[in-house]
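The values are calculated or read from the model by the stated rules, or taken from the named source; none is laboratory data. What you are looking at is a predicted structure, and each value in this text was computed from that prediction instead of being measured. Using ideal geometry, Cβ is built from the backbone for each residue, glycine included, and neighbour counts are taken over all protein chains shown. For the accessible areas, the whole protein counts, side chains as well, though only heavy atoms, and no ligand, DNA or RNA atoms are used. Shrake-Rupley method; radii C 1.70, N 1.55, O 1.52, S 1.80 Å.
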Amino acid sequence: MSAPTQNSPTVDLGRAWALSPRVAVRPEPFGALLYDFGTRKLSFLKNLTLVRIVDDLAAADSADDAIARCGVAESDSAIYRRALESLARSGMIVTRDTPSA
């Protein structure tokens, strides 16, 4: 595994996360759309379990806790961890101690 680069910083999913206050969620039959009003980025969540995990972030102690609370098997958790890391890198989710912009 390569070391994190400036473009792919380490994301600590053991921390408390939440949807960015700049992001709106629109439920869709396939999952959800996330729209960042600050950057105008649009993300598609094409998995209903991932939508539940993102919805649960604000109530969970950590992103890892949100994954577990949504009933994801340990053998499948890497898929959801990568998805959350991608959402964190794009600013769609932020650590709860991150001041909003």
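Annotations for the structure displayed:
- In a reduced charge model with +1 at each Lys and Arg Cβ and -1 at each Asp and Glu Cβ, the chain shows a dipole moment near 420 debye about its Cα centre.
- Loop-located chymotrypsin sites (Phe, Trp or Tyr not before Pro) in segment 14-101 whose Cβ has at most 13 other Cβ within 10 Å (DSSP): 30, 37
- Largest GNM mean-square fluctuation across 28, 85, 74, computed for the chain with C-alpha springs under 10 Å, falls on 74.
- For the chain, built as a Gaussian network whose Cα springs stay under 10 Å, the top-fluctuating residue of 24, 73, 59: 73
- Note on the chain: GNM, Cα springs under 10 Å; of 56, 36, 76, the largest mean-square fluctuation is that of 76.
- Accessible area per residue, Å², the chain with all protein chains present, probe 1.4 Å: 61 Å²
- Unit Cα scatterers, Debye sum, the chain: log10 I(q)/I(0) for q = 0.12, 0.13, 0.16 Å⁻¹: -0.36, -0.43, -0.66
- The string of couplings for segment 12-27 from the Karplus curve (6.51, -1.76, 1.60, θ = phi - 60°) is 8, 7, x, 8, 7, 10, 7, 4, 4, x, 8, 9, 10, 10, 10, x Hz, one whole number per residue in order, with x for Gly and Pro.
- Calculated FRET value between residue 37 and residue 96, using beta carbons and R₀ = 22 Å, to 0.05: 0.70
- Structure-based [θ]222 nm, the chain - -39500 (n - 2.57) summed over DSSP H runs of at least 4, per residue, nearest 500: -8500 deg cm²/dmol
- Label point distance in nm, residue 76-residue 26, each placed 7 Å from Cα along Cα→Cβ: 2.8 nm
- A cut-off under 14 angstrom between Cβ atoms defines the neighbours of residue 39, and their net charge, with Lys, Arg +1 and Asp, Glu -1, is +3.
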